[in-house]
Amino acid sequence: MSGGKWDYRDSGACDEIFDMYPDYGKRGHSLAKKARERNPFKDEDISELVWDVFCLIHSADYCFSGDTGEEDYETDVDYFKNKWLRGEKK
């Protein structure tokens, strides 16, 4: 199905704000740096945090739509929690 659980509103909003498609994937972690550089929220930390939230929503969308497995989503949740909630920001 290629996502669509939330009618693509999440990826559309991310593209509008960051001019990038939200996806951790293989390149996603390096794209967080671009999100900081683009800095649409005029605060680099907030811009990166919002980018990561969009990536997490995208991961959930693909999982809940059956495009990826729960283990992929759980990996992304763990990455997000380690980075933002457990103080292991990379």
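The values are calculated or read from the model by the stated rules, or taken from the named source; none is laboratory data. Everything quoted here is computed from the prediction, not taken from an experiment. Cβ sites come from the backbone with ideal geometry, for glycine too, and all protein chains shown count toward neighbours.
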Worksheet entry | Unmet criterion (only one of (1) surrounded by 14 or more Cβ atoms within 10 Å (Cβ to Cβ); (2) in contact (Cβ under 8 Å) with a residue 12 or more places away in the chain; (3) not polar (S, T, N, Q)) for G66 | (1)
Response to the item:
Result of the Cβ filter at 6 Å on the range 52-63, keeping first residues that are among the hydroxyl-bearing types (S, T, Y) and partners that are part of a helix (DSSP H, G or I), at least 6 apart or interchain, is S59/Y73; S59/D76
Worksheet item: Here are D15, D7: which of them is among the acidic types (D, E) and at positive phi?
Response: D7
Item to complete: Identify, by number, the condition in (1) modelled with pLDDT of 90 or more; (2) out of contact with any Leu (no Cβ under 9 Å at 6 or more places or on another chain) that W51 doesn't meet.
Response: (2)
Worksheet entry | Residue ID - nearest to D23 (Cα to Cα), chosen from residues in the range 53-90 that are hydroxyl-bearing (S, T, Y) and touching a helix residue (DSSP H, G or I) at 6+ places or on another chain (Cβ under 6 Å) | S59
Worksheet item: Within the range 37-67, which residues are among the hydroxyl-bearing types (S, T, Y), farther than 11 Å from Y24 by Cβ and touching a Phe, Trp or Tyr at 6+ places or on another chain (Cβ under 9 Å)?
Response: S47
Worksheet item: Considering only the range 14-43, how many residues are surrounded by fewer than 14 Cβ atoms within 10 Å (Cβ to Cβ), assigned to a helix (DSSP H, G or I) and not hydroxyl-bearing (S, T, Y)?
Response: 3
